[in-house]
């Protein structure tokens, strides 16, 4: 299944509409918390929230969407080599940080049932993530989905146990 993707400039500009495959759109709770507020209230995504703020992507992910976010936990960020997160959060590394964060976002609402049926998905970054099911667990590149289908008002979050990096 292919996804149409946004240009990075379109994402950063905070475009209100996201191009997506209508089959993946589904319905979602428009009265609940958006992706950012859902992640922040969970308490395990402080590093992700700080990174989204540093990259200027908070308002975009609070937008209409829908979005699918493969969200690394604070523990996942802690697995990166020492100093990596601090370095990425520097203003001069905003482009690199944005590229990494947008690699964790797929346009449209893709539930775990749909994810498990895919071999890859094109991210907002423009690069594709590899998807496979191994021993009953869904893998996104080198990360395992630890918790799936956390519904938000503008999409869905799948918690992953590692930060995935574009090639």
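The values are calculated or read from the model by the stated rules, or taken from the named source; none is laboratory data. In this text, all values refer to a predicted model and were calculated from it rather than measured experimentally. As a convention, Cβ positions derive from the backbone with ideal geometry for all residues, glycine included, and neighbour counts pool all protein chains shown.
Quick notes
- Any chance residue 76 is closer than 16 Å to residue 150 by Cβ, assigned to a helix (DSSP H, G or I) and in contact with a strand residue (DSSP E or B) (Cβ under 9 Å, 6 or more places away or on another chain): yes
- Residues in region 86-100 that are buried (at least 18 other Cβ atoms within 10 Å of the Cβ) and without any contact (Cβ under 8 Å) to a residue 40 or more places away in the chain: 88 alone.
- Any hit, region 33-51, residues being assigned to a strand (DSSP E or B), modelled with pLDDT of 95 or more, under 14 Å from residue 164 (Cβ atoms) and within 15 Å of the chain's Cα centre (by Cα): no
- Within region 67-77, one or more residues are surrounded by fewer than 18 Cβ atoms within 10 Å (Cβ to Cβ) and at pLDDT 95 or above.
- Total residues in region 145-161 satisfying the condition of being part of a loop (DSSP other than H, G, I, E, B) and either surrounded by fewer than 20 Cβ atoms within 10 Å (Cβ to Cβ) or within 12 Å of the chain's Cα centre (by Cα) (or both): the figure is 2.
- The number of residues in region 81-108 being in a loop (DSSP other than H, G, I, E, B) and more than 17 Å from residue 146 (Cβ to Cβ) comes to 7.
- Selection status of residue 115, at pLDDT below 95, farther than 14 Å from residue 73 by Cα and not in a loop (DSSP other than H, G, I, E, B): yes
- Test result for residue 51, surrounded by 21 or more Cβ atoms within 10 Å (Cβ to Cβ) and over 15 Å from residue 153 (Cβ atoms): yes
- Of the candidates 23, 12, the single residue that is loosely packed, with under 15 Cβ neighbours inside 10 Å and at pLDDT below 50 is 23.
- For region 110-144, taking the residues that are over 12 Å from the mean Cα position of the chain (by Cα), under 23 Å from residue 81 (Cβ atoms) and in contact (Cβ under 8 Å) with a residue 40 or more places away in the chain, the one that is surrounded by the fewest Cβ atoms within 10 Å (Cβ to Cβ) is identified as 127.
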